[in-house]
1. Give B:N145, B:N123, B:N98, B:N141 a once-over and let me know the one that is under 23 Å from B:T10 (Cα atoms) and either in contact with a Phe, Trp or Tyr (Cβ under 8 Å, 6 or more places away or on another chain) or surrounded by fewer than 24 Cβ atoms within 10 Å (Cβ to Cβ) (or both).
2. Please state which of the following conditions A:D178 fails to meet, knowing it meets all the rest: (1) within 14 Å of chain B (Cβ to nearest Cβ); (2) surrounded by 23 or more Cβ atoms within 10 Å (Cβ to Cβ); (3) acidic (D, E).
3. Just checking, does the range B:237-257 include any residue being within 11 Å of chain A (Cβ to nearest Cβ) and over 20 Å from B:G115 (Cα atoms)?
4. Of the residues A:V83, A:V65, A:V95, which single one is of a type in the set (V, I, T) and within 19 Å of A:L296 (Cβ to Cβ)?
5. Give just the number: which of (1) farther than 25 Å from A:L97 by Cβ; (2) touching a Gly at 6+ places or on another chain (Cβ under 9 Å); (3) away from chain B (no Cβ under 14 Å); (4) hydroxyl-bearing (S, T, Y) does A:T213 not satisfy?
6. Which of the following residues is modelled with pLDDT under 95 and within 30 Å of B:T213 (Cβ to Cβ): B:E261, B:E343, B:E246?
7. Report, by residue number, each residue of the range A:273-310 that is assigned to a loop (DSSP other than H, G, I, E, B), in contact with a Lys or Arg (Cβ under 9 Å, 6 or more places away or on another chain) and surrounded by fewer than 23 Cβ atoms within 10 Å (Cβ to Cβ).
8. Can you pull out the residues in the range B:204-239 that are more than 22 Å from B:G155 (Cβ to Cβ), at pLDDT 95 or above, outside any strand (DSSP E or B) and not hydrophobic (A, V, I, L, M, F, W, C)?
Protein chains: 2
Amino acid sequence: MKVAVLGYGTVGVGVYGMLANAAGLEQGPVLVRPGKENEPFKVSSLAAILEDPTVGAVAEVMGGVEPAFTYACAAMRAGKHFVTSNKALVAAKGVELNRLAREQGVAFLFSAACGGAVPFLHNLALARESDTILSLGGILNGTTNYMLDAMQRLGLDYADVLADAQRLGYAEADPTADVSGLDALRKIMLACAVAYDLLPTEGLLNEGIESITAADVAHFQARGYTCRLVVSGGRSADGGVYAYVEPVLLRAGSPECSVLENYNMARYEGQCAGSIVLMGQGAGRWPTASAVLRDLSGILRGERSMFSAACAEGAADNGGSVHGYYVRLPAALAGALPAESVEKEGGIARLITAPMSVKAMHEAVKALRAQGAAVFFAAIKE
Amino acid sequence: MKVAVLGYGTVGVGVYGMLANAAGLEQGPVLVRPGKENEPFKVSSLAAILEDPTVGAVAEVMGGVEPAFTYACAAMRAGKHFVTSNKALVAAKGVELNRLAREQGVAFLFSAACGGAVPFLHNLALARESDTILSLGGILNGTTNYMLDAMQRLGLDYADVLADAQRLGYAEADPTADVSGLDALRKIMLACAVAYDLLPTEGLLNEGIESITAADVAHFQARGYTCRLVVSGGRSADGGVYAYVEPVLLRAGSPECSVLENYNMARYEGQCAGSIVLMGQGAGRWPTASAVLRDLSGILRGERSMFSAACAEGAADNGGSVHGYYVRLPAALAGALPAESVEKEGGIARLITAPMSVKAMHEAVKALRAQGAAVFFAAIKE
């Protein structure tokens, strides 16, 4: 099967390169911007690719919702299988693309959009056919994991590790999507859609790592905790789906603590299978390309979809997930949260809350920040 | 697709149970011994199952090479897809069954035979289509992992943890296949066949955990090491395939050290994907059944094989894998091995060898044991 590649950036170069040695696959044309056609395999006309009957599949690795969405629809309508690494696209338009792919009888696969080289969505889609997926989670953003790991191992402050991550190419010039938790949130949205037929687009909660300081790290490390930015999803007791991202304090020995540097770890809990944990590199040219190629090989074996025909957009419900939190805030505002213990020093309070819902916690902190308060918080997992 | 189940022991009950709720699958007849047909779905005639045109696939979960092999051939010849959890069967007859399945145009899948619920072989088979698999490994025997973990965490001796493992159902009455490393060896044989088209049946080396003592554990724990029974496979520099099982001493922080109790961990290193680590329960009714069911769901999507058409039996070559070893042996025999350091006390020597090949080490210890010497050894991985 000849595969056209849309985009020739970091991942596109990897996908095109791997196609040369993949069983049953063949390098097709690569779409680049007009004026960038400096090699024979590069073209700037999508129409030429879609009209080429020898092209069986299109791999989109440009990123961003547009023009990727327009190109995806055009490719599917032209009868081409469609594979993407683009989590923004699938989070925003996945349900629509799933419907179109099924109408057109083509594949719509996006392993690389969640966990990079970690074979998460593919296995989740297979497992859900026979098992009940009780919960989902893990560490799905390598940039923030690298930063938290460096802060904790080297005692560095946030601004320093961010600068390091940017110098090493782990963080982009504008790191907002990573450090705010939005990138990780998009990935757990996709995993929920695969596992539960619900792509949550409302009611989502994401707290990133932007407010963590070296003093916070020193404080909770002295109490035996390691911090990771963790995604959580699952079925709530009333049948809804929860999906959120927040920093979590873990005890040494948790599987999350063995995720070092920029690695990713994805986890699902099956009622029958039990806990399945998958680790690997979550980003980078070759790891990401390897996931795109696995999807393409899957198409050759008959794999067509990750979302079921029933998959629809809807709202997440984070009111039923309850746990205790570690919070650092101005001492004068410590009374705003239900505390089980409070330490105050130099105008700062550090408290452990009573168990409270994820929704209540994120909303309380939003209200405190609206008053101008500097707040860091993290869930506590014993 | 209606699925017949051969065997109604621990795993058979799980497979039959899961079929009731699996998308696109249906409970078929279950083969039991004559006289055991105490429920309507149980039958004692294989012929009746194979002549039933509504049965699309057969799941074999009896264990042992015969009669499983005869039944597998009969099922394939009757045009039924064949799925098994039986590692002894696939290690002994996998190449022949792969050929027959391809002739008959039916599926031959066996995820559950290697790693239980861990989705290892399936992902390896997909990854090798586009990536070069540099090495394979992990902890693929839950019984010995439980035993080693208990010895190290609780300071117990071998006989005590074996008795505990038997009481908990983790070890069988005759634990030889587990504690000798043979069970783990069969699993790495299958993984090599998937990754390299070579099912190694000669030249294999396996050292189990039968000779480890509480004194050994205390000695290497004091030096910062944790012991795990680790499988290793890969391409050697000259293009051969290595495959062996041996105890390995690891530093805290190695991913293997986070594998506790009876969990399994499988790993492959792809040239593009990098290191992919998969963890889950390696045995038990529901975890094993979940892997059988994933294979059956895979058949519905078009998955047909884990071994390529080129897969053949051959010899492993363990002469090119070189590392240092920790060895405990009678002090009088310490000169038999190339030592970098030796400690002697009470007639016992504990030494660290110079780097030597896996083949040379296993053969040297075999010769020492032939002289009646009690020897424990483990590879050292820094």
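The values are calculated or read from the model by the stated rules, or taken from the named source; none is laboratory data. Keep in mind that what you see is a predicted model, and the values were worked out from it rather than measured. Here the Cβ is made from the backbone with ideal geometry for all residues, glycine too, and neighbour counts use every protein chain on show.
1. B:N145
2. The single condition A:D178 does not satisfy is (1).
3. Checked against the condition, which is being within 11 Å of chain A (Cβ to nearest Cβ) and over 20 Å from B:G115 (Cα atoms), the range B:237-257 yields at least one hit.
4. A:V83
5. Tallying (1) farther than 25 Å from A:L97 by Cβ; (2) touching a Gly at 6+ places or on another chain (Cβ under 9 Å); (3) away from chain B (no Cβ under 14 Å); (4) hydroxyl-bearing (S, T, Y), A:T213 fails exactly one: (2).
6. Being modelled with pLDDT under 95 and within 30 Å of B:T213 (Cβ to Cβ) holds for just one of B:E261, B:E343, B:E246, which is B:E261.
7. Listed by number, the residues that qualify are A:G302, A:R304, A:S308, A:A309.
8. B:E207, the sole residue that qualifies.
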